[in-house]
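For reference, the structure is listed below as structure tokens.
The values are calculated or read from the model by the stated rules, or taken from the named source; none is laboratory data. Computed from a predicted model, the values in this text were never measured in an experiment. Here the Cβ positions follow ideal geometry from the backbone for every residue, glycine too, while neighbour counts run over all protein chains shown.
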């Protein structure tokens, strides 16, 4: 366990001073924050499970801003759920307050901690086992767009500035390749040149926004199957989780994340590039689910550009992997030498597959409207 049970009990006491911690279990699924499932008895007859998280200051330097985003998103989802007679205990995350009314503990010694209610009878998955599961996931992220379309007030904080600024991602890659601090460029020159060759396709979504054709929205920015809770009995999507990257962005970013992570069933660092193919049945399910969930919120151009979102996000990830390879593998964890280069090749090939299939993907979108 990363943190001691005594420390976790101290944290819980700041939220529930009269609560009795009965059980603590660490969740090993996340890569950024440290997460624990805690069973806490508030009264003799009231036992609840909570998710207790220590947030990563290195990844998110503005944690108060992040929590402000998360709370505003959660509260807007609550308003939407109430207006549309949705399940008020399972359709969004309920964040708890400390005894002082604060949304989190920000303590130099303890760290930055938050608590929210655990949702029972739910499961998260890493791989879609069927087109129906892909449909349900995309529907949930489409609904997420609908739920947040009415969010008012100031623009959300950019907790990771320029997170999906594809043009800036390319600029950083070009700098890393030019500096070539580790002498790795020659061995990856073919990958670099292939990535630069598809740059116009990767920038299509961002350029549409810059021309005013599509609006900025509140987006999840990490839209993948593992960030959806599914009901263990019905298989239906319950709610969207992991809201830390929620910030301004484009609807195509969220669809693109799903297309990248779910339309091909090969590993992210697949060595045999001939195995990387688009599962068109899954892809079509993603389109139909996303549009059904969004329920008319997206404008015509946003819908047309959904396949371009897939290309943008897949290429962007290829760019980030190759940039990290040139810079010395300082961002993404690697298990073996050259893994980031292999990852970049794999994502590049998937992006190329999407470009080659673009006419077919546009037809899928037109038929799903």
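Data table
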{"read-out": "Matching option when the condition is touching a strand residue (DSSP E or B) at 6+ places or on another chain (Cβ under 7 Å), modelled with pLDDT of 95 or more and not in a helix (DSSP H, G or I), among 229, 182, 156, 151", "value": "156"}
{"read-out": "Pick from the range 39-58, criterion free of Cβ contacts under 8 Å to residues at least 40 places away in the same chain and surrounded by 14 or more Cβ atoms within 10 Å (Cβ to Cβ), ranking: farthest from residue 226 (Cα to Cα)", "value": "41"}
{"read-out": "Check on residue 8, more than 19 Å from residue 103 (Cα to Cα) and either assigned to a strand (DSSP E or B) or within 29 Å of the chain's Cα centre (by Cα) (or both)", "value": "no"}
{"read-out": "Positions within the range 234-249 being farther than 11 Å from residue 221 by Cβ and outside any loop (DSSP other than H, G, I, E, B), in sequence order", "value": "237, 238, 239, 240"}
{"read-out": "Residue in the range 195-208 that is surrounded by 22 or more Cβ atoms within 10 Å (Cβ to Cβ) and more than 21 Å from the chain's Cα centre (by Cα) present", "value": "yes"}
{"read-out": "Selection within the range 111-140 - in contact with a helix residue (DSSP H, G or I) (Cβ under 6 Å, 6 or more places away or on another chain) and modelled with pLDDT under 90", "value": "124, 125, 126, 128"}
{"read-out": "Residue in the range 54-65 that is touching a strand residue (DSSP E or B) at 6+ places or on another chain (Cβ under 9 Å) and assigned to a helix (DSSP H, G or I) present", "value": "yes"}
{"read-out": "Single unsatisfied condition, residue 102 versus (1) over 22 Å from the mean Cα position of the chain (by Cα); (2) surrounded by fewer than 21 Cβ atoms within 10 Å (Cβ to Cβ); (3) modelled with pLDDT of 95 or more; (4) in the same structural domain as residue 318 (by TED's automatic domain parsing)", "value": "(4)"}
{"read-out": "Checking residue 138 against (1) more than 16 Å from the chain's Cα centre (by Cα); (2) surrounded by 20 or more Cβ atoms within 10 Å (Cβ to Cβ), the condition it does not meet", "value": "(1)"}
